[in-house]
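Engineer: I'd like to ask some things about the structure below.
Taken together, the values in this text are just the output of simple stated rules run on the coordinates, not laboratory data. Fair warning: this is a prediction, and the values are worked out from it, not measured in the lab. Note that we place each Cβ from the backbone using ideal geometry, even for glycine, and neighbour counts take in every protein chain shown.
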């Protein structure tokens with residue numbers, strides 16, 4: 001039975017499938033977004049950030065869950081903002097000065113929807 | 001400790017980096033600029049350094065915008081790509097020093113005027129001396145012009161430290177990260193510079209064999225050129241390094257299909273759907289089309305899985 005089906009397949013004329021290829025840009029964007037989420041997660045794993053979040057009445061575990069549901073665009077925009085900070089750059093192991101820490105915590109709470117402070121952080125409708 | 005814009009310690013290499021405290025490039029040709037034509041002149045210098053026979057006049061039409069009497073950055077990037085060169089952007093003093101130390105000239109965008117009355121200017125950084133405290137630039141009508149580091153930093157910081165290298169696609173910048181380099185190669189693909197994009201992706205894969213975007217990109221360029229066997233080979237290599245990529249299997253399915261290898265295409269499309277992910281709708285579409293093309297019903301479990 002199997003061989004009969006195979007024979008039929010080989011003899012049939014091929015119609016061109018209009019299937020689409022995954023473009024390179026899509027793959028690049030996905031990789032960027034994944035990288036961005038990793039940056040955010042590393043920040044959320046920091047003791048000083050967690051303490052600051054708890055002081056705001058935010059559960060760090062819930063915050064992490066919200067990170068997972070960020071859109072790619074949101075995640076990338078967040079990571080870009082983090083990378084622009086003078087001290088931090090993209091190395092989240094650095095010691096954060098107080099001003100940078102406060103900024104980061106507010107950025108996190110904004111992007112995760114707990115606060116609405118920064119105009120450049122777009123909200124979902 | 002002052003961390004204001006006047007801090008020039010960022011131009012002094014870290015002792016452990018192994019970079020020299022001073023370095024000058026002697027192989028960067030100089031073209032004096034015509035009025036307002038610093039963009040074409042700077043670009044001509046780095047393109048000529050990279051092996052092309054160009055002059056500022058060759059480039060003026062591509063990069064100079066008469067209405068603003070200047071050249072905007074996207075135009076500089078676009079022109080570099082049109083010549084088959086990777087336009088790689090840097091944005092920090094440390095990167096500038098590292099790239100010059102590695103022998104690569106960098107176009108830098110300076111504001112030589114005031115913040116409220118800017119005078120934007122492209123120059124080519126060809127050397128530095130972090131002990132004596134100056135940068136060496138091909139600038140305006142002056143080759144190897146010395147600019148004190150403090151002044152250079154002040155004028156360059158105003159463009160957020162924008163710098164651009166124009167390198168052949170077989171060269172990786174000293175400060176390149178995997179993602180940034182692959183993205184800069186994608187710029188060539190986007191600009192339709194296929195041969196250069198091929199070389200760029202191959203260069204990326206030599207250094208970072210497991211980079212998915214480079215593997216997919218390489219196959220996509222071959223596909224665009226109509227070279228299906230090469231596209232197939234590139235995708236199989238990608239899968240070898242990244243066995244869980246639905247995108248690779250999806251694209252492989254398409255490439256196999258167009259080579260008339262239906263059963264293998266079917267298998268690959270099924271694998272893509274099984275791997276799933278964010279683009280599963282696309283993979284399902286590919287599978288459905290192939291099933292239709294083979295005269296199969298678009299539903300699961302029609303045939304036992306065929307071995308390739």
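Engineer: So for chain B, averaging the separation of alpha carbon pairs under 8 Å that are six or more residues apart and normalising by length, what relative contact order in percent results?
Structural biologist: This gives 14 percent for chain B.
Engineer: For Cα pairs less than 8 Å apart in space and 6+ apart in sequence, what is the mean separation divided by the residue count of segment B:9-167, i.e. the relative contact order in percent?
Structural biologist: 28
Engineer: Within a 10 angstrom radius of each residue's Cβ in B:276-282, how many Cβ atoms of other chains show up on average? Whole number is fine.
Structural biologist: 2
Engineer: I need the peptides B:56-62, B:238-244, B:101-107 ranked by packing, meaning the mean over residues of other C-beta atoms within 10 angstrom, with the highest value on top.
Structural biologist: Order by mean packing, descending: B:101-107, B:56-62, B:238-244.
Engineer: Right, next: Which residue, B:247, B:123, B:224, has the most motion in a Gaussian network model of chain B that connects Cα atoms within less than 10 Å?
Structural biologist: Sorting by GNM fluctuation, first place goes to B:224.
Engineer: Place the peptides B:37-47, B:142-152 in order of packing, highest mean first, counting for every residue the other Cβ atoms within 10 Å and averaging per peptide.
Structural biologist: So the order, starting with the most tightly packed, is B:37-47, B:142-152.
Engineer: Taking a label point 7 Å from the Cα of residue B:26 along the Cα→Cβ vector, which residues of segment B:85-105 have an amide N closer than 16 Å to it?
Structural biologist: Zone members listed by number: B:103-104.
Engineer: On average over all directions, what projected area in square nanometres does the protein assembly as shown have, based on the convex hull of its Cα atoms?
Structural biologist: Approximately 25.9 nm², given one-decimal rounding.
Engineer: Still on this structure, please answer the following. How shielded is B:180-190 by partner chains, expressed as the average number of their Cβ atoms within 10 Å of its Cβ atoms?
Structural biologist: Rounded to a whole number, the mean comes out at 2.
Engineer: Which of these, B:222, B:117, B:249, has the largest mean-square fluctuation under a Gaussian network model of chain B (Cα springs below 10 Å)?
Structural biologist: The residue that fluctuates most here is B:117.
Engineer: In peptide A:25-37, what is the residue-averaged number of other protein chain Cβ atoms found within 10 Å of each Cβ?
Structural biologist: For peptide A:25-37, the averaged partner shielding equals 5.
Engineer: Can you tell me the orientation of helix B:73-82 relative to chain B, as the angle in degrees between its alpha-carbon axis and the longest Cα principal axis, to the nearest 10?
Structural biologist: On a 0 to 90 degree scale, this one is about 60.
Engineer: What residue among B:16, B:137, B:52 has the largest mean-square fluctuation in a Gaussian network model of chain B, using Cα springs under 10 Å?
Structural biologist: B:16
Engineer: Which of rounded, prolate or oblate describes chain B when judged by the alpha-carbon gyration tensor and an a/c cut-off of 1.5?
Structural biologist: It is prolate, given that a/c is not under 1.5 and a/b is the larger ratio.
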